[in-house]
1. Just want the answer: with Cβ charges of +1 for Lys and Arg and -1 for Asp and Glu, which residue in 195, 176, 33 is farthest toward the dipole's positive end in the chain?
2. Out of 221, 125, 88, any idea which swings most in a Gaussian network model of the chain, alpha carbons joined below 10 Å?
3. Could you pull out the chymotrypsin sites (Phe, Trp or Tyr not before Pro) across segment 64-142 that fall in loop regions by DSSP (anything but H, G, I, E, B) with no more than 16 other Cβ atoms inside 10 Å?
4. Report the calculated FRET efficiency for residue 22 and residue 315 (r = Cβ-Cβ distance, R0 = 25 Å), to the nearest 0.05.
5. Only helices at least 18 Å long along their own axis, judged from Cα atoms, and with Kyte-Doolittle mean hydropathy of 0.5 or greater: name those in the chain from DSSP H.
6. In what sequence, highest mean first, do 334-345, 284-295 appear when ranked by Cβ atoms within 10 angstrom?
7. Scan the chain and hand back the longest stretch that contains none of the GluC sites (Glu not before Pro) lying in DSSP loops with at most 13 other Cβ atoms within 10 Å.
8. Contact order normalised by length for segment 39-174, with contacts defined as Cα pairs under 8 Å and 6 or more residues apart; what percent is it?
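We did not get these values from a lab; they are worked out from the coordinates using the rules stated. Note that the structure is a prediction, hence the values are computed from the model and not measured. Virtual Cβ from ideal backbone geometry, glycine too; neighbours counted across all protein chains shown.
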Amino acid sequence: MAFALNDAELGSILLAMPIGSLLGLPISGWLVSKYNSRVPLAIGFALNTLALCLIGFAHNVVTLVIAVLLFSFTTRIYNISANTQAISLQKLYEHKVMGSFHGFWSTGGIFGILFSTLMLNLSISIQTHFVMVGIIALIITLVSFQFLLRNDRAEKGNKIIFGKPDPYIFYLGVVALLSAICEGGMFDWSGIYFQQVLHVEIFTYGYLIFMTFMATSRFLSDKIISVIGMPSTYIMSALCIVVGIALAIIFPAFWTAMIGFSLVGFGTAAVVPMSYALAGASRKYSPGMAISIIATYSITGMLLGPPLIGYLAHAFNLRISFIIFGLCGLMLIPISRMFFAHRKSLEG
């Protein structure tokens with residue numbers, strides 16, 4: 001690494017991301033409620049590409065942390081805006097489409113890791129790499145802006161109500177948090193697991209197989225939910241995560257880890273899209289604000305996962321640290337059951 005950071009120090013750098021994301025919570029909700037979602041989506045995404053380039057050009061730890069903070073802050077803005085667009089579009093369809101939106105997001109991750117692998121093989125500098133990604137992202141933003149939904153601003157439920165947590169939102173938030181810890185940790189450490197534990201030369205295999213099965217599952221999730229229902233899909237997701245992590249840890253070989261990471265990708269895929277879709281039906285908050293609150297849990301989990309693994313790996317070892325993913329997956333079962341029991345009580 002350019003900064004010669006150990007696992008714990010890298011974990012500390014990554015901790016800047018949930019901080020920036022939390023700072024973006026009130027701003028993103030306010031922007032979506034005031035300007036509709038298309039404007040903050042486009043501006044947030046454009047600023048996000050600039051922050052990515054700043055990460056590549058950071059010359060010391062301080063500038064790196066600032067760039068990471070800006071990156072996570074702008075990620076929060078366009079994330080909330082994009083999911084608000086998706087919820088509004090879902091209302092125009094009779095069949096479920098939310099999972100497919102997240103599937104395209106995962107597909108973007110696959111193309112990202114393929115592109116990164118190509119840049120590594122060609123020995124392209126990280127500065128040139130990130131600038132190229134930024135230019136492509138800006139072009140996509142300019143082209144797609146004209147097709148975004150207009151006038152999706154909600155008239156009420158646009159303010160966070162402080163006090164006793166709403167159980168409906170709280171349970172969904174915890175479920176999203178647990179899944180996101182697995183997702184975020186796998187994003188940043190699956191490749192390192194293949195490198196340090198399995199000693200695989202092309203270590204991007206771990207991340208690539210995880211993202212491939214996550215994307216595939218998200219495109220299939222709408223159909224799966226329509227067949228077995230959301231409660232059963234949460235349980236199926238939890239079991240896939242637990243079994244997948246167990247395979248990778250207990251049998252640390254290339255093919256068992258590939259199968260295990262595939263199952264983890266399949267298991268984590270549907271949890272956050274389902275939680276966002278359910279949050280859009282909140283009686284207390286507008287879709288944009290409800291998604292913003294759930295995204296607080298989700299993004300915090302996604303960004304806490306990497307530093308958590310870093311600290312555990314430094315204290316024990318990387319293989320042992322992955323147990324946390326299995327525990328988070330297991331907890332999805334009781335928390336999701338509590339949510340659906342609460343929703344049933346509201347309907348009764």
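1. Positive-end residue among those listed: 33.
2. Comparing 221, 125, 88 in a Gaussian network model of the chain, the most mobile one is 125.
3. 93
4. Efficiency, from the Cβ-Cβ distance: 0.50.
5. Both cut-offs are met by 16-35, 38-57, 61-90, 98-121, 126-144, 167-196, 205-228, 230-250, 254-269, 287-315, 323-347.
6. With the highest mean Cβ count within 10 Å placed first, the list reads 284-295, 334-345.
7. Between exposed loop sites, the widest span is 202-348.
8. Value for segment 39-174: 33 percent.
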